[in-house]
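Below: the structure, in C-alpha cells.
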C-alpha cells in the first residue's frame, strides 16, 4: 500500500536544493522543541562540554591540544562546520568534520585517529559544529566535489532494501505526513551530532543515516564510508538555507 | 563523570533560587543487552545530594526509571553567601561532584 | 525490552493504529501494597500534588515531568519527600526526592523512563507525617521506523 502511493517523477527531479527546507525540529513536538531550545535541558550540551575539555587537552606524541594551534574555538571554528563535508586539499578526499578532526590528529598531533562514534570523536565533533550554530549551511558545488555530489544524489534517489525505498520517497514525497505516531521529516542533517531520545545519547549523522538503511532493510554502509560521505555532502547541499543546530534534539 | 550545574551567582536574602544539574551517565537499567546479547549490568546514579554551606538542601535517591543523562531541577532559599556542593555516586561506586559560589545580598 | 517494543510496533502496524492499548490503571490491591511499602500503612489522601507531564510522550526513554506540591514550605509546615511511582515499570519506584523548609518551593523537574502507557504517581510526605498523592495519565508513543543503527 505504502509503495503504491509513491513513485513517479523520482528521477525527473534535478534540483539539488529544496525551495524552502524545513529543519527536523519544525516537525518535532513541543517537548522536544523545548528540550533543544534550553541549552541546559538539552542533553547534547553534555557532549559539547566534553568536547570543549578535549579541545584543551594535549593529545598524541606532539603533546599539543587542538587549542595549541586553533586557540579559541569560538572564533577559529565559527562557521567551519557549515562548509563541511569538503575536499581535503592534501589528499583530494572528501572529509566531514569527524574526518577533519582525525586528519588533524594524525598530521599535527601525531595521535591515533579516534574511532568513529566513539564518545571522544562525538564530543569533539559536537563541540566544533556547535561553534557554527545559527549559521547557514554553506556547502558549495565546484569541480572538485561535483563527482561526490553526483554520487550523493544517486544514492538519495536510489531505491534499496527489502522495502525498496529511496530517501526521496519518505523525506521529500511524503515529508510532513504521518507514519504511525510520527511525522516524517525532510531528513536534513543540520542538527547533527544530535541527541536522540531513542539512542539515549548523542550520535553522528552517519549513525542516523545507517538507521534509515536499517529501516528500509538495506545493507548499512560503514561509518565514515565513501557512500555515507557522498550522501552527507548531497544532503548538506540540499539543505541550503537551513542553519546549523548542533546539538539538536530529536525523537 | 561530566556534569553541568546552574546556580545563580547572586541572589537576595530570602529569594527562592532555581538549581539545575545535568550529568552525562547512561543510567543502565540492567535490562538492556549489548551487541552480543549479553545483559549490561544495572548501573545508575543512585544518590545525589546538594549541600548549601554544608547543609543538605536536596537529596535524590534514584532507580533505573530515571532517564539517561539525568536532569534535576529544584529550589533553595537564599540565606547567606557561600557555596553549593553537588555530590553523587553510581552503582559501580564512581563518584562525581560539582560546586558553585553564590553571593547573597541583604 | 527491544523485542517487546518491536512486537508493539508490528501489532500497531497491522492494526493500523498507533497504540497497542489504552491507558491501564494498576490493580487497586497491587497499588495499595506498593503504597503501604512506602508509607508504612499511613493513610494517603488525594490532592495537593500536581504532576505535569505530556499526555502523549514522544518516547518512553525521556518523559519530561514536573511535580509540585501545594505547601507553604515553612519550618512548621513543609514537604519532607516526594516519591515518584510508575507502576507499569519493571521497578515501580522511580525516585525519592528529599526536600525541606530550606527548599523554599516544593517543585522538582526531571525526566523519567516509562515502559508502557500508565498513570504515573507522586506521593508527598508532609512535615506533619501526612501523605498526599497526585498523578497523571501518560500514553507512550514510539518511532515509526525500526532502529538498528
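Every number in this text was worked out from the coordinates using simple rules, so none of it is lab data. Quantities reported herein were computed from a predicted structural model and do not represent experimental measurements. We place every Cβ from the backbone using ideal geometry, glycine too, and count neighbours over all the protein chains shown.
Annotations
- Going from the residue with the fewest nearby Cβ atoms within 10 Å to the one with the most, A:139, A:48 rank A:139, A:48.
- Taking other Cβ atoms within 10 Å as a rough exposure proxy, A:170, A:212 sort from fewest to most as A:212, A:170.
- Helix A:205-215 axis, angle to chain A major axis (alpha carbon atoms, nearest 10°): 30
- Most mobile of A:57, A:202, A:125 in a GNM of chain A (Cα contacts under 10 Å): A:57
- Selected from B:20, B:12, B:39 as most flexible by GNM, with chain B as the system and alpha-carbon contacts under 10 Å: B:39
- The calculated Kirkwood hydrodynamic radius for the protein assembly as shown is 24.7 Å, given to one decimal from all distinct C-alpha pairs.
- With a simple spin-label model that places each label point 7 Å from the Cα along the Cα-to-Cβ direction, the separation between residue C:52 and residue A:110 comes to 5.7 nm.
- Put simply, the C-alpha atoms of segment B:45-106 give a gyration tensor, and the ellipsoid matching it has half-axes of 25, 12, 9 Å, longest first.
- Distance in nm between pseudo-label sites at residue C:127 and residue B:61 (7 Å out along the Cβ direction from Cα): 2.2
- Gyration tensor analysis over the Cα atoms of segment C:84-149 returns equivalent ellipsoid semi-axes of 30, 13, 10 Å (largest first, whole Å).
- Residue among B:68, B:78, B:41 with the largest mean-square fluctuation in a Gaussian network model of chain B, springs linking Cα atoms under 10 Å: B:41
- Over segment C:23-140, equivalent-ellipsoid semi-axes from the Cα gyration tensor in Å: 24, 17, 11
- The Rg/Rh ratio of segment A:51-97, with Rg taken over Cα atoms and Rh as the Kirkwood radius over Cα pairs, comes to 1.03.
- Helix A:226-238 axis, angle to chain A major axis (alpha carbon atoms, nearest 10°): 80
- Model label points for residue B:13 and residue A:34, set 7 angstrom from Cα along the Cα-to-Cβ axis, are 3.6 nm apart.
- Crossing angle, helix A:146-157 versus chain A [Cα axis fit, 0-90 degrees, rounded to tens]: 40
- Out of every Cα-Cα pair that chain A contains, those further apart than 34 angstrom amount to 15 percent.
- Segment A:45-130 - Rg over Rh from alpha carbon coordinates, Kirkwood radius: 0.93
- Computed over chain A, the per-residue total of -39500 (n - 2.57) for DSSP H runs of n ≥ 4 gives a 222 nm mean residue ellipticity of -10500 deg cm²/dmol, rounded to 500.
- For segment B:3-105, the C-alpha radius of gyration divided by 2.2 N^0.38 Å, with N the number of residues, is 1.25.
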